[in-house]
Amino acid sequence: MNLSLVDFLFYVFATISVGGGLAVILSRNPVTAAMFMILSLVGVASLFVLLEAFFLAVLQVLVYAGAVMVLFLFIIMLMDVGPDSGKRTALSKTRLISGFVALFGVGLLTVLTLEYSGVATDSATHWQDVAEETSVEGANVVFSKSVKSFGYGLFTKYMLPLQVAGFLLLAAMVGVIVLSKKQDEEKSSEATEDASSASAEPRPEEA
Amino acid sequence: MIKTVVIERKPLSLSERTYLPQIASGLKTTLSNLFKKKVTLQYPEQRPSIPRGYRGVPTLVKDPNGREKCVSCQLCEFVCPSKAIRITPGDIPEDDEEQSHVEKAPKEFEIDMLRCIYCGYCEEVCPEEAIFLQEDYSLSGYSREELVNDKEKLYEMGGTLPDKHFKWDKKKTEEEQGNAH
Amino acid sequence: MDAELIQMLALKVTYAIVMVSVVMSIAGYTVLAERKVCAWMQGRVGPNRTVLPFVAAIPFIGPFLRNLGIFQPLADGLKFLFKEEIVPGHVNKFYYYLSPIVALVPALTTMTVLPFGEFTNAEGLTTTLVLANVDLGILFVFAISSLGVYGIVLAGWSSNSKYPFLGGIRSSAQMISYELVMGLSVLPVFLWVNAPGMTGSGLSLVSIVNSQEDAAWLVLVQPLSAFLFLVALFAETNRLPFDMPESETDLVGGFHTEYGSFKFGIFFVAEYAHVVIGSAIFTTLFLGGWHFLPWVADPWAPGLIGSLLGVGWFLAKTFCLIFFFIWVRWTLPRFRYDQVMKLGWAKLLPLALVNLIFYVILVTYLDQAAAS
């Protein structure tokens, strides 16, 4: 088998990301799991680099590995999740369900791989429609891997999906605020009843 | 009657709330300090001037005749708060022409410098003015034993005190003249 | 693999090694500068004893270098290297050893996209001196430096002791908060540089520097952005007044309380490497990089000498900024933890947003005015 450098690197990074992903669910220690998740995310970012999607790679590292995972670690450490917590919840029923889901996933993957295995060798016809769309309408920007074309793309052709996604995130955020706020109010009403259980947390302003 | 006046703290002005003018003035102060004369004493080369009455290492002194002044009364041993002094009293042999008129002398006199707190009580309590705190302040050694000053070392550091008492000389002449006490 | 590729790789590796050693030694001397400047501000003289024997023999120069403490970083490094390795019994060994490395690697990786000069050869072809001129320069820097927090968090967690743990928790919260401000504060800069009619392209640091040639430095165009970036930089490099992870006064040594000898040394160097790289990035973004002065063309002729002078000028600006870092550290007290959070979220973030919106409107207005 004749491997080029890019192929070789692909297998290396693919192994890292898949192996990291497996290690996330197999490791007992939550901190170790989080670290493997970071490793896996960085592996995926490296795969993006191999695809010359540098912007996506950097964003992957910046957002997921750099910010989201820090919050994960933060929570794990604050709640002091031990290596063995979560052992009890692994009931036979949930195991059965997760086993079915995993089987379904593997089956789907196999079918898809078998179905489309000829595509890549078949002169890459499926990718052509993306590559042919060389410019975004209106703006004189060539569709490329540069950040500028991402920006133009997001704010012209894909404006609606962007807004919808943004709205979805906003809704989620508002939901989180509402949920956490309600709990706090309950807490504070309890606190007024029972003065001894004064919480050290700063109370939010009254709504 | 003293009346308590409660002074309301003034609310911070906008410029104060940004911290920036304060930070700037602080930076100015440190910058001006940057060019001021330094106060550091380059210690082993430059020595600090020792003020009068400084309490350094305790030593034993000899009188102008070269006799040891200590009569091993053990008052210093008694008064020493940190129990740094240890005295083994000893007699002076009768046939010693030079010293036989002196009542007693210490056989051993040890000051443990690891215990000494340089309080100067020993100097103050000594009836014979035999123990003095000198100016030397930097003592060091490689072992604990090294820092226990024995009699020889104490006299070596103390030297001779040129006082004008000649207590024992006077006593000797008085004894010879037969009007002791 | 052909010979040409290997040759190119070897060349790149050599460049990288040279750059790493330069940045590391600058970081080492930043430690010395910190000690010296701190001493001078407090009326002391600072380290002035260490000297190499043969240098001490040189008249005038030897004592002068000795008094300046030039050899102190060498002695410090050797001391760290030869100290006894103490590993407390209660730590999580793997992460305990891993975290100093995790702290140092991002600090040194960000320098790959950092341009520090340019070289114009006889044919007038200009090459920027940078390890990798990535189109996404600043984003790359942010992405990598955001990984630096793991070193501190893991150190705090693996030490299995309360003070390091508190330090780690504080620092993770702080770094996430101020990363936002940092990102938002540079957005107007790139808006401005990439605006129609400007020379910039993408998020590259090189184009930022080149847009400041013969023109106003961006600190003059966008003082508020520069200020916000600087404040966020102080927080991201964990320097006073945002010294949360260390907080000597209430957390003993913060995240590195349980660390000694060389592992502590690595944390130390990583911290100062962050300061050096941060200063260099501020210089490229706001202080014109290697270009001479605002509105003034570079006085040096293109060529080897010119490019060396440019690099020197860039380093001089960076050193001034490093001095500013030290100066602030020895002037200001530390913010309390809740004050840091409040300042970040309630003051700096809205300010950064207002700043961004203002420049969006301004750039749009200028664009419309130019078009009509």
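What to note about this one:
- Extension gain for the segment C:ALA56 to C:ALA16, taken as residue separation times 0.36 nm less the Cα-Cα distance, is 11.0 nm to one decimal.
- Euclidean distance of C-alpha centroids, the range B:31-99 and the range A:1-76, integer Å: 72 Å
- FRET efficiency, 1/(1 + (r/R0)^6) with R0 45 Å, evaluated for B:LEU20 and B:ARG47 via beta carbons: 0.45
- Cα gyration tensor shape of the range C:84-371, rounded if a/c is under 1.5, else prolate or oblate by comparing a/b with b/c: prolate
- Close amide H partners of B:THR160, meaning residues 5 or more places away or on another chain with modelled amide H under 5 Å apart, are B:LYS62.
- Label zone at C:GLN339, where the point sits 7 Å out along the Cα-to-Cβ direction: the range B:26-67 residues whose backbone N lies under 13 Å: none
- Environment charge of B:GLY26, counting only residues whose C-beta is closer than 14 Å and scoring Lys/Arg +1, Asp/Glu -1: +2
- Space enclosed by the convex hull of the alpha-carbon atoms of the range B:1-139, per residue, Å³: 269 Å³
- For a 4.7 Å threshold on C-beta separation, the list of partnerless cysteines in the protein assembly as shown reads B:CYS70, B:CYS73, B:CYS80, B:CYS116, B:CYS119, B:CYS126, C:CYS38, C:CYS320.
- The protein assembly as shown shape via C-alpha gyration tensor axes, a/c threshold 1.5: prolate
- Built amide H within the under 5 Å cut-off of B:LEU133, gap 5+: B:THR59
- Cβ neighbours within 10 Å from other chains - mean over A:65-73: 6
- Per residue of peptide C:143-149, the mean number of Cβ atoms on other chains within 10 Å of the residue Cβ is 6.
- Inter-chain neighbour count for A:52-64: the average number of beta-carbon atoms from partner chains within 10 Å of each residue's beta-carbon is 4.
- Axial C-alpha extent at least 24 Å, average Kyte-Doolittle at least -1.0 - helices from chain C (DSSP): C:3-41, C:93-109, C:137-158, C:162-194, C:261-286, C:304-329, C:349-371
- Pairs of Cα atoms nearer than 8 Å and 6+ residues apart set the relative contact order; for the range A:7-81 it is 29 percent.
- Amide H contacts under 5 Å for C:VAL45: B:THR40, restricted to partners 5 or more places along the chain or on a different chain, H placed in the peptide plane at 1.01 Å from N.
- Cα-based convex hull volume of the range C:113-229 per residue, rounded to whole Å³: 119 Å³
- Reciprocal of mean inverse Cα separation for the range A:7-81 (Kirkwood radius, Å): 12.6 Å
- Charge context of C:ILE176, other residues only, Cβ under 13 angstrom, K/R +1, D/E -1: -1
- Tail beyond 15 Å, pair distance distribution of the range C:262-355 (Cα, percent): 74 percent
- FRET efficiency for the C:THR249 to C:ALA75 pair, using the beta carbon distance and R₀ = 22 Å, is estimated at 0.20.
- Taking packing as the residue-averaged number of other Cβ atoms within 10 angstrom, the listed peptides C:239-249, B:54-64, B:148-158 run from highest to lowest as C:239-249, B:54-64, B:148-158.
- Model label sites at C:VAL105 and B:VAL125, defined 7 Å from Cα along the beta-carbon direction, differ in position by 6.8 nm.
- Burial order of peptide ranges B:139-145, C:184-190 (average beta-carbon count within 10 Å, highest first): C:184-190, B:139-145
- You can think of it this way: the chain between A:LEU154 and A:PHE8 has 49.2 nm of extra reach, that is 0.36 nm per residue less the Cα-Cα gap.
- Between the range C:265-315 and the range C:112-171, the alpha-carbon center distance in angstrom: 16 Å
- The count of lysine pairs in the range B:14-158 whose Cα atoms are under 24 Å apart, excluding pairs fewer than 8 places apart on the same chain, comes to 21.
- By the equivalent-ellipsoid construction on the alpha carbon gyration tensor, the range B:40-82 comes out with semi-axes of 31, 17, 8 Å, ordered largest to smallest.
The numbers here are math on the coordinates, done by the rules we state, and not lab data. Note that the structure is a prediction, hence the values are computed from the model and not measured. As a convention, Cβ positions derive from the backbone with ideal geometry for all residues, glycine included, and neighbour counts pool all protein chains shown.
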